Amino acid sequence: MHNEVENLSNCFQEQIRLQGQVRLLEHRVKQQQLKIIQLLEKKEIQYSDRGDENSVIDLGGKRQYSDCAEIYNDGHKQSGFYKMKPVQSPTEFLAFCDMSEGGAVCLNQNTISKQV
C-alpha cells in the first residue's frame, strides 16, 4: 500500500513538472510567433520604402502553387509576395516568400496573427 501511495505521489509530481514545461514551451512559441510577425512587418516596410508595397510577383498564372517551396523549386528565386492556394484551402491568398539561403520560407501574417 505504501508503494502505491508513493507511486501516485511521484506520478502527480511528474504531471506537475510536465505541465510547467508545456506552459514554458507555449510561452516560447508565442514569443517566436511575435518575432515572426515583427520580421514580416519589417520586411513589408522595406518593400513599402522601395515603392513595392502592393506588388505581387507575377508568375504568369500558368498554375496555382500551394506553397513557397513549390514556387522556389519551379525556378522562381526572388523573395516577395506571391499568390498561392494550398490544396485544402478554399481560397487563394497572398504570402511573403523568403527565398534567401537556398530555401523557401512562407510568411502569411494573417495566419500567424490568428495563432498568437
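What follows is calculated from the coordinates using simple rules that are stated; it is not laboratory data. What you see is a predicted model, and the numbers here were worked out from it, not measured in a lab. Cβ sites come from the backbone with ideal geometry, for glycine too, and all protein chains shown count toward neighbours.
For the pair Leu24 and Ser55, label points projected 7 Å from Cα toward Cβ lie 4.6 nm apart. Of the residues His27, His2, His76, the one with the fewest other Cβ atoms within 10 Å heads the list, and the complete ranking is His2, His27, His76. From least to most packed, judged by other beta carbons within 10 angstrom and beginning with the fewest, Phe12, Phe93, Phe81 follow the order Phe12, Phe93, Phe81. Neighbour counting of Cβ atoms within 10 Å sorts the residues Met99, Met1, Met84, fewest neighbours leading, into Met1, Met99, Met84. Each Lys or Arg adds one and each Asp or Glu takes one away; over the other residues whose Cβ falls under 12 Å from the Cβ of Leu24, this sums to +3. Evaluate E = 1/(1 + (r/R0)^6) for Phe93 and Ile16, where r is the Cβ-Cβ distance and R0 equals 41 Å; express this FRET efficiency to the nearest 0.05. Efficiency for this residue pair is about 0.50.
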